[in-house]
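Here's the structure we're looking at; comments come further down.
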Amino acid sequence: MRTFLLPDLGEGLVEATVLDWLVAVGDTVERGDPLVEVETAKSAVEIPSPWSGRVAELHAGTGARVEVGAALVTVAVTEAEAAGDAGTEPDAEPGLLPPPGADTDAGAGTDAPDASAAPAAAAPAPGIVGTVPRDEPPRRRVRLTPPREG
Amino acid sequence: MHRPALPTDSPVPASAPASASTSASASAELPPVLLLHGLGSDHRLTFEATGWMRALHRAGRTLIAPDLPGHGAGRGPASHDPERYRVPRLVEEVCALLDRAAPGTAVDVVGYSLGARLAWELAARRPERVRAAVLAGFGPRAQAGAALVAQTASTLPGNDPQALAACVEGLAADPFSPEPAPRAPLLLAAGTRDELAEGMAELAAGLPDVRTLWIEGRNHVTAVSASRLKSAAVEFLASARPRPA
């Protein structure tokens, strides 16, 4: 059994309110599966399961306030995962639970006037996260009527 | 299939669809999904923390998730000039991003709040760029609530209150108009307690190809993470069949 505590959601807030549980006691969950939606003062967050296993207990009902660090859910983790766990937090699955600060966009520059446009080599490509270029002036006027081509 | 997000300076992953490919196999694949976040937010708060990126990754979708100008932490000073945030300019910049990230492709779009407004403009004015779109947390009078949203968002870590104020002023210079309406299939969705979505039903009534979804009990802040909204959007975008032009 492992109990997952409400993590710091990164807004300097100390509590969150349960909006909806996405699992019930007895459900089997895979690591990364959505567990619960919570509301903070300014945003809504979906919290994924850090482990694979069977949900054993939900520690807060819908609408309840939970403090950061308080018990959220207890999971009977699968044996393989528990054995390999050795008291450390399992690593987040890449792409599912990116750690805070591991930014996925390098940033295309600042918004200062006259800063050069992002080089083409840094251009976002399919499958990745990018930024809208900050300082490229529009290269053409916005069409006020639907284009004719296509 | 999961497509982990990568830094922009990484080479294009081998699993990414070849750009501008017209092969049959590529055309059978669903296009990338462009995610446009809300005012005073960024792609992380609107789409990552809420589980949207996870849900779309799990559906095998490739994502393009920019941070709009004046938004997103850690990218240097943002402009305090309202002209920087005019709607046509933002739409044009999103198009420029698509020109590089998905050249020659009509993408699917998910927009929340301000992002939905931009998705509307993109779909209406650049129809060759949008295959189908989900517009959530949005209504024809959403602009009226922008200042309050920006005021609330100004207290979030990393946000620049002056940049957000300039953004609100810039956006206000381009009031929403239901004409021209997008031809692409649209899913309009909002929480039943979302005041910014007021008028969504009447907006939907004037559209050629639209579905609507109300999330019971949710407001502008809490509707975005609703699992029902995400699952409906994933299904809608997987099954959308644009009408022949």
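Bear in mind that the values in this text are calculations on the coordinates, not laboratory data. Keep in mind it's a predicted model, so treat the numbers as computed, not measured. Glycine gets a Cβ as well: all are built from the backbone with ideal geometry, and neighbour counts include every protein chain shown.
Within the stretch A:31-67, the set of residues being within 20 Å of residue A:12 (Cβ to Cβ), crowded, with 16+ Cβ neighbours inside 10 Å and either in contact (Cβ under 8 Å) with a residue 60 or more places away in the chain or touching a Cys at 6+ places or on another chain (Cβ under 7 Å) (or both) comprises just one member, A:66. With the structure loaded, tell me whether residue B:45 is of a type outside the set (Ser, Thr, Tyr), within 17 Å of residue B:156 (Cβ to Cβ) and within 11 Å of the chain's Cα centre (by Cα) or whether it fails that test. Judged against the criteria, residue B:45 is not a match. Residues in the stretch A:15-30 that are surrounded by fewer than 17 Cβ atoms within 10 Å (Cβ to Cβ) and in contact (Cβ under 8 Å) with a residue 24 or more places away in the chain: A:15, A:24, A:25, A:26, A:27, A:28.
The residue list B:115, B:40, B:60 contains one member that is over 16 Å from residue B:185 (Cα atoms), in contact with a Leu (Cβ under 9 Å, 6 or more places away or on another chain) and either surrounded by fewer than 24 Cβ atoms within 10 Å (Cβ to Cβ) or hydroxyl-bearing (Ser, Thr, Tyr) (or both), which is B:60. Apart from one condition, residue A:12 fits all of (1) surrounded by fewer than 16 Cβ atoms within 10 Å (Cβ to Cβ); (2) more than 22 Å from residue B:40 (Cα to Cα); (3) within 8 Å of chain B (Cβ to nearest Cβ); the exception is (2). Under the condition of being hydrophobic (A, V, I, L, M, F, W, C), in a loop (DSSP other than H, G, I, E, B) and surrounded by fewer than 20 Cβ atoms within 10 Å (Cβ to Cβ), the residues counted in the stretch B:207-243 number 2. Picking from residues in the stretch B:96-105 that are in contact with a helix residue (DSSP H, G or I) (Cβ under 8 Å, 6 or more places away or on another chain) and at the interface with chain A (Cβ under 9 Å from one of its Cβ atoms), the one that is nearest to residue B:138 (Cα to Cα) is B:105.
Scanning the stretch B:112-126 for residues that are under 15 Å from residue B:233 (Cβ atoms) and touching a Phe, Trp or Tyr at 6+ places or on another chain (Cβ under 8 Å) gives B:112, B:113, B:116. Is it the case that the stretch B:214-233 has a residue that's without any contact (Cβ under 8 Å) to a residue 40 or more places away in the chain, among the hydroxyl-bearing types (Ser, Thr, Tyr) and away from chain A (no Cβ under 11 Å)? Among the residues of the stretch B:214-233, not one is without any contact (Cβ under 8 Å) to a residue 40 or more places away in the chain, among the hydroxyl-bearing types (Ser, Thr, Tyr) and away from chain A (no Cβ under 11 Å), which makes the answer no.
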